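Read the structure below first, then the notes.
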Amino acid sequence: MLKEGTLQLHRRLKTYFHFFPIRLKLIIILTSLVLVVALALSLFVLQHEKRMLFNRLDEFCQFSVKTLSNTIGGDLLVKSDAQILEAVDRMQKSGIKGLIGIRVIDLNRLDLSRQGKIVVATNDPNYAPVDTAARIQDEQLAEIMNLTHFQTTESADTYEYYYPIVIAQIQIGVVKFIFSKKVILKPIADAQYIFILVSAIIVLLTIIGIYFLSQKMVSQIQNLSYAVKQVAQGRLDILIPIKSSDEIGQLGRDFNNMVIGLREKFQMEKFVSKTTVRMIEKYGGTLELPQKSEKKEISVLFSDVRKFSLISEKHSPEEVVNLINIYLDLQAQIIEQNKGIVDKFVGDLIMGVFESDSHEKNALKAAVGIQKAICSLNRKRVDENKVILEVGIGLNNGPAVLGRMGSQDRMDYSVVGSIVNVASYLCDRAKPRQILVTDHFIEKAPGIFASRKLDPIPSKGNNSQINIFEINYECEN
């Protein structure tokens with residue numbers, strides 16, 4: 001149950017961590033790393049220093065306690081407590097750091113009244129005095145009676161060092177040095193405090209450094225995110241400033257290159273027919289474009305400006321281009337509004353293709369819409385004393401072939417067939433403001449607009465006749 005609860009807590013923290021801002025994630029991760037490294041380093045260094053401290057303390061104590069033991073051995077044997085006290089007092093006053101007391105314990109095996117007696121006991125003034133008339137406990141006496149070498153013990157507050165006093169290979173007493181743990185370990189405590197202080201300063205500097213570093217990083221990411229949203233909304237006039245040469249800077253450069261590529265593609269699409277664009281989109285997941293053509297029932301619209309050559313002769317090329325673009329743009333919009341595709345522009349001529357259901361109806365509505373829109377535009381231009389253009393339109397429907405056409409390096413995706421040729425032929429024969437259609441077209445789109453049958457016209461390339469109709473619509477002068 002505890003393990004399951006721990007796992008759930010881990011998953012919950014992991015989930016929350018995913019929602020943290022990048023800046024906070026960096027602060028948490030790097031701060032944790034710094035703390036772990038500082039803690040591991042401090043533990044290693046402090047343990048090493050502690051071992052060295054105790055090694056030096058052991059060496060010093062062994063030397064000191066052995067020296068004192070050799071000095072007072074004879075005095076203890078003859079029970080000269082005053083001489084022992086003088087030697088111990090000199091040792092106590094020698095300034096040994098952390099030494100808070102020295103004990104000399106008599107282990108006279110012949111005089112039981114002195115056996116276990118604390119003969120001399122000196123104390124640091126900061127500690128409570130010791131009763132020299134006291135005796136050590138029997139359990140401790142049994143331990144030190146058999147003491148043959150230097151020995152160390154540890155209590156809650158002190159470190160105690162024992163060394164036997166031996167004469168003629170007979171143990172007659174024990175010297176005991178008592179050291180304060182607090183004093184001995186003070187360098188370690190000071191070092192630990194310094195480590196904590198230094199670690200806190202490093203963590204603080206790390207947080208400050210990460211904050212400003214991440215501020216720069218996050219600001220670049222935010223700029224990139226904002227730019228991506230703008231591009232998603234169709235804006236291609238936006239580029240982000242590059243402020244670094246790292247991975248984020250490279251990402252910014254890649255984004256700018258992508259936007260430039262999209263601009264080029266956007267501009268290029270204006271010079272490519274919609275049928276070609278749709279074909280590329282359809283097969284965009286493959287490197288190879290379709291090799292086969294397809295046969296479909298479609299309607300084709302041709303619209304051509306009348307008497308354009310006369311107008312071109314009277315105006316500059318710039319004026320002619322601006323003028324023709326106004327009328328071509330108007331016609332292209334109407335074709336697309338009626339579910340058609342602008343297949344191509346050829347000078348002042350526009351070709352539209354209609355593939356959807358009821359394509360005859362859509363094509364006819366587009367043709368009438370073009371003529372009405374041009375009539376409306378011309379009325380305004382006449383009032384403004386501007387040059388006007390008028391168009392003739394030809395419509396036809398039937399089977400046509402859609403496919404790739406051209407060379408390996410320059411090709412288009414367009415429609416070919418006799419219906420295309422007939423529609424173009426009708427456009428050539430149409431007068432200004434006139435819409436000509438074939439009888440086959442009228443059969444597929446009856447009753448939408450009134451029509452009037454005209455005299456048949458000869459077909460191109462053979463002796464047959466084409467039955468044609470003129471679409472009637474209202475267009476005020």
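Screening 56, 11, 23 for residues that are at pLDDT below 75 and surrounded by fewer than 14 Cβ atoms within 10 Å (Cβ to Cβ) leaves exactly one candidate, 11.
Which ones in the stretch 176-190 are small (Gly, Ala, Ser) and either crowded, with 16+ Cβ neighbours inside 10 Å or in a strand (DSSP E or B) (or both)? 180, the sole residue that qualifies. Identify all residues within the stretch 450-468 that are of a type outside the set (Ser, Thr, Tyr) and surrounded by 18 or more Cβ atoms within 10 Å (Cβ to Cβ); write none if there are none. Correct list: 466, 468.
With respect to residue 324, is the statement that it is touching a Cys at 6+ places or on another chain (Cβ under 9 Å), closer than 30 Å to residue 313 by Cβ and not small (Gly, Ala, Ser) true? First the steps, then the outcome.
Values: touching a Cys at 6+ places or on another chain (Cβ under 9 Å): no; closer than 30 Å to residue 313 by Cβ: yes; not small (Gly, Ala, Ser): yes.
No: the conditions fail for residue 324.
Of all residues in the stretch 145-175, those being surrounded by fewer than 18 Cβ atoms within 10 Å (Cβ to Cβ) and either charged (D, E, K, R) or in contact with a His (Cβ under 8 Å, 6 or more places away or on another chain) (or both) number 3.
Restricting 83, 62, 151, 137 to those that are modelled with pLDDT under 80, more than 60 Å from the chain's Cα centre (by Cα) and over 24 Å from residue 187 (Cβ atoms) reduces the list to 137. Say whether the condition of being under 22 Å from residue 432 (Cβ atoms), buried (at least 17 other Cβ atoms within 10 Å of the Cβ) and within 50 Å of the chain's Cα centre (by Cα) is met by at least one residue in the stretch 363-380. Checked against the condition, which is being under 22 Å from residue 432 (Cβ atoms), buried (at least 17 other Cβ atoms within 10 Å of the Cβ) and within 50 Å of the chain's Cα centre (by Cα), the stretch 363-380 yields at least one hit.
Here residue 310 does not qualify as surrounded by 17 or more Cβ atoms within 10 Å (Cβ to Cβ) and not charged (D, E, K, R).
The values are calculated or read from the model by the stated rules, or taken from the named source; none is laboratory data. Note that the coordinates shown come from a computational prediction; the quantities given were computed from them, not determined experimentally. Don't worry about glycine lacking a Cβ; one is built from the backbone with ideal geometry, like all the others, and counts go over all protein chains shown.
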